[in-house]
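Notes for the one structure printed next.
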Amino acid sequence: MKQTIAIVTIATAMLCACGGGSSSNSVNISSEADPTDKYVGTWKGPCYSSTAVTQKADGKSTNIITALKISKLTSSTANAEINLTVYSNGDTTCSGTAIGSIIKTGRNENSFSSDAKGMVSSYGQNLFTYNASVTLASGKTVDQVIYSESKLSAISSTALTVGNLTVNSVSYGAALFKAILYFRDAKTLIFTPSAQFNTTAYPTEVLEYEGLTFVKQ
């Protein structure tokens with residue numbers, strides 16, 4: 001399966017890097033009126049290094065902060081606008097001036113635009129579909145979801161270069177897989193994808209990776 005520019009790219013990097021570990025025990029947040037109510041809002045991840053997006057000038061990896069702006073569609077579905085703010089190779093804390101951005105709007109407009117500042121893609125929704133709330137063997141209560149992410153571009157055979165950024169061709173395919181969402185508290189969301197990003201089985205353990213832990217803004 002092709003990686004996607006946002007969540008799956010993060011997951012692949014983190015899974016390959018250090019194997020992950022179980023999340024610490026904590027108290028789940030209280031139930032909302034609908035399962036997806038607690039997804040709504042803007043969630044921000046940490047600064048992480050990406051080899052999927054490189055600097056045009058020298059081909060070096062970049063550093064990225066991912067923000068998810070999640071809106072409720074129905075009681076069981078939510079859509080995300082994915083905004084990647086990209087920083088230079090040397091800016092390992094993402095504290096300087098950004099060199100570009102990559103946005104998947106989550107809209108079905110079959111469009112792509114770009115300029116010197118980055119790229120904006122609207123090839124479909126980035127959808128969380130709630131299935132059930134379950135308690136794992138660890139005692140943690142999680143949401144089982146199907147996650148689908150739109151493609152970034154209609155181009156799939158070459159690298160995509162816009163402004164100061166070059167995106168590897170394997171990093172903008174669409175994706176569909178099972179995952180679990182664990183809310184450590186009302187403002188901390190931990191995303192655990194299924195093994196090999198498959199649609200056959202949900203994860204049975206919460207794995208906490210730096211790039212897949214999001215804090216509500």
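The values are calculated or read from the model by the stated rules, or taken from the named source; none is laboratory data. Because the structure is a prediction, the values reported are computed rather than measured. As a convention, Cβ positions derive from the backbone with ideal geometry for all residues, glycine included, and neighbour counts pool all protein chains shown.
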* Asked: If you go through segment 78-100, how many residues are polar (S, T, N, Q), closer than 26 Å to PRO193 by Cα and crowded, with 18+ Cβ neighbours inside 10 Å?
  -> 3
* For THR158, which of the numbered conditions (1) at pLDDT 95 or above; (2) not in a strand (DSSP E or B) fails to hold? -> (1)
* Among the residues of segment 146-181, count how many are within 14 Å of the chain's Cα centre (by Cα) and not polar (S, T, N, Q). => 15
* **Breaking point among (1) outside any strand (DSSP E or B); (2) at pLDDT 60 or above; (3) aliphatic (A, V, I, L, M), for ALA13** => (2)
* **Residue in segment 182-192 that is part of a strand (DSSP E or B), under 13 Å from the mean Cα position of the chain (by Cα) and β-branched (Val, Ile, Thr) present** => yes
* Structure fact -> When segment 172-203 is checked residue by residue, the ones that are free of Cβ contacts under 8 Å to residues at least 60 places away in the same chain and of a type in the set (A, V, I, L, M) are LEU176, ALA179, ILE180, ALA195, ALA201
* Got a number for residues in segment 42-57 being surrounded by 17 or more Cβ atoms within 10 Å (Cβ to Cβ) and in contact with a Leu (Cβ under 9 Å, 6 or more places away or on another chain)? -> 6
* Please verify whether segment 74-97 includes one or more residues that are within 22 Å of LYS187 (Cα to Cα), in contact (Cβ under 8 Å) with a residue 40 or more places away in the chain, assigned to a loop (DSSP other than H, G, I, E, B) and touching a Pro at 6+ places or on another chain (Cβ under 7 Å). => yes
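When segment 135-155 is examined, which residues are found to be among the β-branched types (Val, Ile, Thr) and in a loop (DSSP other than H, G, I, E, B)? Outline the logic, then answer.
Step one: of segment 135-155, the residues among the β-branched types (Val, Ile, Thr) are 135, 141-142, 145-146, 155.
Correct list: ILE155 only.
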* Asked: Among the numbered criteria (1) out of contact with any Phe, Trp or Tyr (no Cβ under 7 Å at 6 or more places or on another chain); (2) over 15 Å from SER50 (Cα atoms); (3) part of a strand (DSSP E or B); (4) touching a residue at least 24 places away in the same chain (Cβ under 8 Å), which single criterion is violated by ALA132?
  -> (4)
* Check whether at least one residue in segment 153-162 is touching a residue at least 40 places away in the same chain (Cβ under 8 Å), over 22 Å from SER71 (Cβ atoms), of a type in the set (Gly, Ala, Ser) and in contact with a strand residue (DSSP E or B) (Cβ under 9 Å, 6 or more places away or on another chain), and report yes or no. => yes
* To do: Answer yes or no: is there a residue in segment 204-214 that is closer than 21 Å to ALA67 by Cα, modelled with pLDDT under 95 and in a loop (DSSP other than H, G, I, E, B).
  => yes
* **Scan of segment 98-112 for residues that are under 17 Å from THR42 (Cβ atoms) and part of a strand (DSSP E or B), ordered by number** => SER101, ILE102, ILE103, LYS104
* Is it the case that ASP58 is farther than 28 Å from GLY100 by Cβ and at pLDDT 60 or above? -> no
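Of everything in segment 186-217, what is hydrophobic (A, V, I, L, M, F, W, C) and crowded, with 16+ Cβ neighbours inside 10 Å? Give them in sequence order. Even if it seems obvious, please write down each step before you answer.
Of the residues in segment 186-217, the ones hydrophobic (A, V, I, L, M, F, W, C) are 186, 189-191, 195, 197, 201, 206-207, 212, 214-215.
Passing the criteria: LEU189, ILE190, PHE191, PHE197, VAL206, LEU207, LEU212, PHE214.
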